[in-house]
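Asker: Here it is: the structure, laid out below.
A short reminder: the numbers here are calculations on the coordinates, not readings from a lab. Predicted, not measured: the structure shown is a model, and the values here were computed from it. Neighbour counts run over all protein chains shown; Cβ positions are idealised from the backbone, glycine included.
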Amino acid sequence: MTERISAREAIALVTDSFAELPVPEGEFPPDGPLSWKGYGEARARAAARTGEEESVVCGTATFGTASFGTTIDGRDPLGPVTAVLVAFEFGFLGGSLGERTGDRLEAAYDHARTHRLPVVSLVATGGSRMQEGMLALTQLQRVARQSALTREAGLAQIAVLRDPTTGGGWATLGAGADVTLALPGAQVAFAGSRVRPPDADPAAYTAEAQVAAGSADALVPADGLREALALWLDLLTRPSAGAAPVPAALGEATGPPATGWEAVQRARAAGRPRAEAYLDAYFTRRAAIRGDRCGGADDGVLCGFGRTHDGRTVAYAAQRGTPTRPAGYRTAARLVRMAGRLGVPVLTLVDTPGAANDADAERQGAGPAIADLFAAVAGARTPVTTLVIGEGGSGGALALAAPGNTWATPDSYFSVIAPEAAAAILKRPAGEVRATADRLRIRPQDLLDLGVIRGISPHRPTS
């Protein structure tokens, strides 16, 4: 269990300044809407203990200046980012949601949309308030609607999961955010500690488990939250026009391969630059999202947002040379859609022998996951730029490729299927694999002649 701090302490931990929003007016019966005996007294005791009148504190805050000092990556700072901030006070009736909580949250989201501000939620809640019954539970619908309206408005939402984050707070503000960060050791689950099966594995109800399952993006220690939030807000609130520039080709290959089989060998070479090298060269700073929000994560696909050397924000989805699993495709689709809502162009790096084809991949929905990514790229609301940096294996690679804006490096190939598999399908002997590679016309220059790619990326030495 992570250390529990108050809402005000959490605010001070991550912000440079904070100004509380006006509290919505309205009468509230002494014992609440259900006339629950003793509820008014419990509220009074909670207020005396915490200094708060409700379980959430809402206001506007600035992030960024204190996190990076006077420069960012050796450049002049871009300036602080202002956001609407919602912080839960767990000491006030377990941070539970009631009608007045919903009033405050709705007002905060409305302020965010009116003033075009992102929303940051510091969540610590046990769920809905028992003393208000179903009226408390329906606050989740109010929160979900406000979140959806804010998403449609193209404004970013970032959640920080504190200890504990359970029930409807997790299932709306937490899991419903664009980016979800979590404090190590925090209890994070839909089921609260008092309503779980007695034999349940406690490890499944932790922040670590949610990150592993692809339900949260990253674990961030308390002393790193200020910088992490400043970086995310900087990246997600600076839309940029125009397509992402094509990365320069890295590695030793400067000319095109002589044969199709040479193209395959170059793409499969162990020393060839991979996704990490391209991302490091392309961005000065980046932050990753992780997971498909459906119970899966694939570390073979890197997704996130980064700042380029000219100060632009670009989203990226990059294959790492392994067979891509369904969760990888769903995470990439999540990224493309998020970038579209926020007005950020997308860069995809293709490098896979193909989609994972084992039995587990089929059970996890390989076909629907690939179809979803094809649809996300085809319907992208911002430009997508693709560079094939290694193997382009069949539809598992093409799903990441931008129609009409795909490029290739000299040490890559793109094929309807790997030459070995093509030969097997055509019932050709193993000795004809190399000749099959030539007939498939998979070299970068072949792809350019066929109109499959727009060009071959110019080379830049790695040294």
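Asker: Along the Cα→Cβ direction, 7 angstrom out, place labels at Arg116 and Ala288. What is the inter-label distance in nm?
Answerer: Computed distance between label sites Arg116 and Ala288 equals 3.3 nm.
Asker: How much length is gained if the chain between Ala359 and Arg49 is pulled fully straight, taking 0.36 nm per residue apart and subtracting their Cα-Cα distance, in nm to one decimal? Write out the running numbers ahead of the final one.
Answerer: Numbers: separation 310, 0.36 × 310 = 111.60 nm, distance 5.54 nm.
Taking 0.36 nm per residue and subtracting the Cα distance, the gain is 106.1 nm.
Asker: Can I ask one more? Roughly what angle does helix 366-378 make with the longest principal axis of the chain, taking Cα atoms, 0 to 90 degrees, to the nearest 10?
Answerer: With rounding to tens, the tilt is 90 degrees.
Asker: Please tell me the relative contact order of the chain in percent, rounded to the nearest whole number, where contacts are Cα pairs under 8 Å and at least six residues apart.
Answerer: Rounded, it is 12 percent for the chain.
Asker: Let's test the formula: R0 of 30 Å, r as the Cβ-Cβ distance of Ala212 and Ala277. What FRET efficiency results, to the nearest 0.05? Spell out each step's value before the answer.
Answerer: On the way: r = 26 Å, r/R0 = 0.88.
Step by step, r from the Cβ atoms, then E = 0.70.
Asker: With θ set to phi - 60°, apply the Karplus curve 6.51 cos²θ - 1.76 cosθ + 1.60 along the stretch 266-275 and write out the HN-Hα couplings as whole Hz, x wherever there is a Gly or Pro.
Answerer: Once θ is set to phi - 60°, the couplings for the stretch 266-275 become 4, 5, 8, 4, 4, x, 5, x, 10, 4 Hz.
Asker: Taking 22 Å as R0, compute the FRET efficiency from the Cβ-Cβ separation of Leu450 and Arg381 and round it to 0.05.
Answerer: 0.15
Asker: Using only the alpha carbons of the stretch 133-245, what is the convex hull's orientation-averaged projected area in square nanometres?
Answerer: Convex hull of Cα atoms, orientation-averaged projection: 9.1 nm².
Asker: With each pseudo-label sitting 7 Å past Cα toward Cβ, what's the Glu20-Ala371 distance in nm, one decimal?
Answerer: Spacing of the two 7 Å Cα→Cβ label points: 5.2 nm.
Asker: Is the shape of the stretch 1-66 best called rounded, prolate or oblate, per the rule: a/c under 1.5 gives rounded, else a/b larger than b/c gives prolate, else oblate, with a ≥ b ≥ c the square roots of the Cα gyration tensor eigenvalues?
Answerer: Values: a/c = 3.72, a/b = 1.84, b/c = 2.02.
Oblate.
Asker: Extension gain Ala248-Ala424, at 0.36 nm per residue separation less the Cα-Cα distance, in nm?
Answerer: Full-extension gain reported as 59.8 nm.
Asker: For a protection proxy built on the mean count of beta-carbon atoms within 10 angstrom, sort 442-455, 358-371, 330-343 highest first, please.
Answerer: By packing density, highest mean first, the sequence is 330-343, 442-455, 358-371.
Asker: Can I ask one more? How many nm is it between the label spots at Ser240 and His309, if each spot is 7 Å from the Cα in line with the beta carbon?
Answerer: 1.3
Asker: Between Leu34 and Leu13, what length comes free when the chain is fully extended (0.36 nm per residue of separation minus the Cα-Cα distance, one decimal in nm)?
Answerer: 3.9 nm
Asker: Below 8 Å between Cα atoms, with a sequence gap of 6+, how large is the relative contact order for the stretch 297-341 in percent?
Answerer: In percent, rounded to a whole number, it is 43.
Asker: Can you give the angle from 0 to 90° between the axis of helix 39-50 and the longest principal axis of the chain, with both taken from C-alpha atoms, to the nearest 10?
Answerer: The angle comes out at about 70 degrees.
Asker: Return the loop-located trypsin sites (Lys or Arg not before Pro) in the stretch 177-282 (DSSP other than H, G, I, E, B) with at most 11 other Cβ atoms within 10 Å of their own Cβ; answer none if there are none.
Answerer: Answer by residue number: Arg194.
Asker: Quick one: divide the alpha-carbon radius of gyration of the chain by 2.2 N^0.38 Å and tell me what you get.
Answerer: That ratio works out to 1.10.
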